[in-house]
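*Asks:* Below are the structure tokens for one structure; questions will follow.
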Amino acid sequence: CPRRQLAVEDLNHVFCFCAYVKDVWAILQYVSPTNSDQMDFHQWLSWMFDTYIMIKRSEIAITIWALWYTRNKLVHEGTNQGVGELIVFIRSYCTELATLTSDVGFVFAQRKACSGVIIHDAYGQNLGACSRLTNSVSSVFAAKELAVIHGLQFALEIGSLLMILEYIGQSGNRAAHVMAHDGLLQGEDYFWVEEAPDPVVVVAAEKHCLVKPP
């Protein structure tokens, strides 16, 4: 290990067991499985992704990237970045990273579609939401494509440039589905910035909890 020369450096050590790395995960409030010492890195990462929801998985991936970058800076440039400094970098990067979730409601007989879009940051805070109606839509496929386009347009309008695009269907995407369904019922476009309608807030709050508490 380039930090303390006390252990053989492998993937497990770089991302899981180095004392420096353990401090980073602890401050970010992540825990490892009790039998992590019996797992290889890929098993550990699978456990982390299975345990934490989509938003937290983004932060996990960013943290792993930041740990590797910091390790390489130490090895190749002799720059030793402190734990606190790295935490600030990770949290700042995650704050700038937004997730766009979209779904669509479609009335085949009327060829009418409504896009439901929700944008939130890596910590689950709503940055904005919208529902947008479109007439003369030829198919469900076209309606889904419009939902993505409307979502990206809305993200640009509110200034979200770093984006994870998430389209999952109704079963895993209830909040955006509620937006699309309500938009069809209301019959007009709606936009919210730094908030969302109450039914969406309730559904989104459920999604932003741990699905499997460690």
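The values are calculated or read from the model by the stated rules, or taken from the named source; none is laboratory data. Please read these numbers as outputs of a predicted model, since none were measured by experiment. Accessible surface areas use protein heavy atoms only, side chains included; no ligands, DNA or RNA. Shrake-Rupley method; radii C 1.70, N 1.55, O 1.52, S 1.80 Å.
*Asks:* Could you please state how large a percent of the accessible area of the range 11-81 is carbon and sulfur, counting protein chains only and using a 1.4 Å probe? Could the numbers behind the result be given before it?
*Replies:* On the way: 1920 of 3610 Å².
Answer for the range 11-81 is 53 percent, counting heavy atoms of protein chains only.
*Asks:* Also, I was wondering about something else. Using the Karplus equation 6.51 cos²θ - 1.76 cosθ + 1.60 (θ = phi - 60°), what ³J(HN,Hα) coupling, rounded to whole Hz, does each residue of the range 101-108 give in order, writing x for Gly and Pro?
*Replies:* 10, 9, 8, 9, x, 9, 9, 4
*Asks:* For the range 35-51, in order, what is each residue's ³J(HN,Hα) by Karplus, 6.51 cos²θ - 1.76 cosθ + 1.60 with θ = phi - 60°, in whole Hz (x at glycine and Pro)?
*Replies:* Values per residue, Gly and Pro as x: 9, 4, 5, 9, 9, 8, 4, 5, 5, 4, 5, 4, 5, 4, 6, 6, 7 Hz.
*Asks:* Quick check on the range 1-155: what are the equivalent-ellipsoid semi-axes from the Cα gyration tensor, as sqrt(5λ), descending, whole Å?
*Replies:* Working: eigenvalues 358, 55, 30 Å².
Taking √(5λ) for each eigenvalue gives 42, 17, 12 Å, largest first.
*Asks:* For Val104, what residues show an amide H to amide H distance below 5 Å, using hydrogens built from the backbone and excluding near sequence neighbours?
*Replies:* Gly116
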